[in-house]
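Only one structure is covered here, and it is reproduced in the block below.
The values are calculated or read from the model by the stated rules, or taken from the named source; none is laboratory data. Remember, predicted model here, so these are calculated numbers, not experimental data. Virtual Cβ from ideal backbone geometry, glycine too; neighbours counted across all protein chains shown. With ligands, DNA and RNA removed, areas are computed over all heavy atoms of the protein, side chains included. Shrake-Rupley method; radii C 1.70, N 1.55, O 1.52, S 1.80 Å.
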Amino acid sequence: MPVRVVLPADPLLGHPEQEVVARLWRRRQTETGWVYLVGLPSYRGLENGGVEAAEYRVWVRAPDHVRPVDGVDYDQVATEHLEPAPTSVVREVLGERRPSGWVLAKVREGRGPAWGVLHAPDCDEAPQGAPLLDAERALNVAENPGTRLCTLCGCAQELTPLLRGFDQISDS
């Protein structure tokens, strides 16, 4: 199948980008996008001093370096799709990771000490649109006597050892 390949500009020679028609051999999906194996027309020298037409095959990044030719159907081009990454045993057992960080649900505003509850961002009790706190900020907020740690989402189980030390963990 014909495809247009964008050749790089050469500032030393003063040439802008150029397009040439090449042959599309394969398409491959990678983790960073698509690459196409194209055959660029060229020449090669023979041992007897002669020259003959040849093809230079190279993988190029799509769509940065290739453009379709109008009216060409590319459905018949050999295409390798990226296989889904295998699910790790850890991910199968633990499930998907929750979003990192914590959010503070303010219970009382105004004068006096602030009251609030720290939650994981995906907790059903967490306020929507609340700013995400990193671990250091969450620990600072948790040290406030008016702050409680949610036990429904695991915030208490995650932050208590960091606040009081791991030797305070019990089986209860």
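Heavy-atom accessible area, probed at 1.4 angstrom with all protein chains present, ranks LEU133, LEU104, LEU12 as LEU12, LEU104, LEU133, highest first. Highest mean first, the peptides 143-149, 23-29, 48-54 sorted by other C-beta atoms within 10 Å per residue fall in the order 23-29, 143-149, 48-54. For segment 116-165, a crude dipole built from +1 on the beta carbon of Lys and Arg and -1 on the beta carbon of Asp and Glu, taken about the Cα centre, is about 180 debye to the nearest 20. Counting only protein heavy atoms and a 1.4 Å probe, segment 113-161 has 58 square angstrom of accessible area per residue. Heavy-atom accessible surface of segment 1-68, averaged per residue, reaches 73 Å², computed with a 1.4 Å probe.
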